[in-house]
Amino acid sequence: MVEAATGAHIGDVAAGVDADDPRLATIGVTLATSAQGQGYASEAVTWLLDYLFRDRQKHRVTADCDARNSKVIALLDHLRMRREAHHLQSAWWKGEWVDECVYAILAREWLKRPATG
């Protein structure tokens, strides 16, 4: 993602496709602290989910995050992704074991959501 006014790189979104079943994908998002709260991540992840479901015909998309990351949790909730799991001490991150929340959404759920503007 690039901030329009300055042209500065402020973050990115990514998708990985399951090698064993290409109908499944996992997404991630990173956003600079200075750019948070301005709708950039929501816009970028919305675009990515639209692309995965509409253009690439994915069946299911998942996302996981550190359970302490309230901003990403709020984003995934806002996008109507469903929290499916809370894994205890499942990831080694910056020198410590952290809990992870796992979210998912199906194509039929994403495609029937109300339009946002």
(message) Using the basic label-point model (7 angstrom from Cα toward the beta carbon), what is the HIS87 to ARG108 distance in nanometres?
(response) 2.7
(message) Could you derive backbone 3J(HN,Hα) for the stretch 2-15 from the dihedral phi with the Karplus parameters 6.51, -1.76 and 1.60 (θ = phi - 60°), listing whole Hz in sequence and x where the residue is Gly or Pro?
(response) 10, 6, 4, 5, 10, x, 6, 6, 10, x, 7, 10, 8, 9
(request) Rounded to whole Hz and in sequence order, give me ³J(HN,Hα) for the stretch 42-56 from the Karplus expression 6.51 cos²θ - 1.76 cosθ + 1.60, θ = phi - 60°, writing x for Gly and Pro. (result) 4, 5, 5, 5, 4, 4, 5, 5, 4, 4, 5, 7, 7, 8, 9
(request) From the P(r) of the chain, can you give the percent of Cα pairs sitting at distances over 23 Å? (result) 33
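Show me the ranking of peptides 12-25, 59-72 by mean Cβ neighbours inside 10 Å, starting with the highest.
Numbers: 12-25: 12.9, 59-72: 17.3.
Going by the mean number of other Cβ atoms within 10 Å, highest first, we get 59-72, 12-25.
Could you work out the relative contact order of the stretch 48-117, using alpha carbon pairs under 8 angstrom and six or more residues apart, expressed as a whole percent? List each step's numbers first, then the result.
Values: 91 pairs, mean separation 25.7, N = 70.
Relative CO of the stretch 48-117 lands at 37 percent.
Computed from the coordinates by the stated procedures, all read-outs in this text should not be read as laboratory data. Since we're looking at a predicted model, the values are computed, not measured. Because the Cβ atoms are built from the backbone with ideal geometry, glycine has one as well, and the counts that use them run over all protein chains shown.
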